[in-house]
Amino acid sequence: MKKLLLILLCFPFESFSQYTPGNTYFDANNYIEYLSGNLPIIISVPHGGYLEPNSIPDRNCSGCVYVKDSYTQELGRAIANAIYQKTSCYPNMIINLLHRKKLDANRSIETAADSNLIAEQAWYDFHSFIDSSKQSIITKYGAGLFIDLHGHSHTIQRVELGYLISKSELQLSDSILNDNYYQDSSSINNLELININSLGFSDLLRGSNSFGTYIENKGYSAIPCYSTNAPLSNEDYFSGAYNTWRHGSINSGTIDAIQIEVNADIRFNSLIREDFADSITLVILDYINYHYFNTFSQVYCSYSTGTINNINLSKELLLITDVLGRKANGTKNQLLFYIYDDGTVEKKIIIE
């Protein structure tokens, strides 16, 4: 049985001014690696670590998952390098170097660290580096994209994109998905509000300019996308988990999030992995240029949006439940979010 976790996270953002783009930083124990960037891009690799220090016992919690996402660390580094080669600029990249048996950086702290103080500190450092990156991006660009990079072992070899929209919800028609209820409960809530081409939510999920369609145009299968709107009921699919929820715009803010689950056929072949890194780099850059900043490709890391209004950069509290959704007509619907110990996110909508 899945255990329900209702948690209040409270820890301050570190000052991002101490980080120089292009430099790599580590936590005190060298368990978390942070490449500081100057692009509105964050890539996190929570399950690609190899380290198994004796000072941290293996996690032993009900429902714990211990299998690492093989070659996601290597893929993340290849993507960061490809971004630099194409832009002369750096993404922000945060890597959990610990094996998943020691720390699951895509879960709430109780399940992630299993009450070990050393692992808990690594968990805080992992998310603090992401928060610092988000602060820096908001200040310079006003908005940005967070990518949580994973690997899946599902039978169907395709890239799965998670927006916190479930398989059954993706099976709904575009007209239903375009209702504010679904936008408000997605990790790209902000993008639907600010995308410069005024696309609707279903178009952002699986239209001709969606992230998945861009991947398909590079020769790799992806879901959701224009040609494959949704998984079938008997097909496995990851819709996003803790990090996508915590660092995306589902609650507030201007950083959107996509969980990218890369299939084994890509990850386990070094030549294909490098080609995919190059392809998805182009996807990320084209996606940001088309949806966020139409002059981005001309200026890259010198871009600035100027004054940013109504953004609280010092917000330190994140509450998992009792979130109010927005409606265009001014009414409010209560969205209740539940994070379970297997990392899944469940939402319930109370219509007022």
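Some values worked out for this structure:
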quantity: Cα-only Debye scattering, the stretch 42-130: base-10 log of I(q)/I(0) at q = 0.14, 0.16, 0.19, 0.26 Å⁻¹; calculated: -0.49, -0.61, -0.80, -1.27
quantity: Order of LYS134, LYS86 under a 10 Å beta carbon neighbour criterion, fewest first; calculated: LYS86, LYS134
quantity: Net lengthening on full extension, VAL67/SER233 (0.36 nm per residue, minus Cα-Cα); calculated: 57.2 nm
quantity: Partners for LYS101 among aspartates and glutamates (Cα-Cα distance below 12 Å; same-chain residues under 8 apart left out); calculated: GLU52, ASP58, ASP69, ASP114
quantity: Greater than 25 Å apart at Cα, pairs in LYS86/LYS218; LYS68/LYS218; LYS86/LYS134; calculated: LYS68/LYS218
quantity: For the stretch 16-307, projected area of the alpha-carbon convex hull averaged over all directions, nm²; calculated: 14.5 nm²
quantity: Footprinting exposure proxy for TYR66, TYR290, TYR303 (fewest neighbouring C-beta atoms within 10 Å first); calculated: TYR66, TYR290, TYR303
quantity: Counted charge near GLU261, where neighbours are those whose Cβ lies closer than 12 Å (Asp, Glu -1; Lys, Arg +1); calculated: -2
quantity: Simple label model, 7 Å out from Cα along Cβ direction - ASN209 to GLU110, nm; calculated: 4.3 nm
quantity: Relative packing of peptides 165-172, 243-250 - highest average C-beta neighbours within 10 Å first; calculated: 243-250, 165-172
quantity: Sites ASN289 and TYR124 - FRET efficiency at Förster radius 30 Å, r taken between beta-carbons, to 0.05; calculated: 0.30
quantity: Normalised per residue, the volume of the convex hull around the Cα set of the stretch 89-203 (Å³); calculated: 164 Å³
quantity: Relative exposure of THR20, THR228, judged by other C-beta atoms within 10 Å (fewest first); calculated: THR20, THR228
quantity: Cβ-based net charge around LEU172, under 12 Å, with every Lys or Arg adding one and every Asp or Glu removing one; calculated: -1
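No value in this document is a laboratory result; all are computed from the given coordinates. The structure displayed is predicted, hence computed values, not measured ones. With ideal geometry, Cβ positions are generated from the backbone for all residues, glycine too; neighbour counts draw on all protein chains shown.
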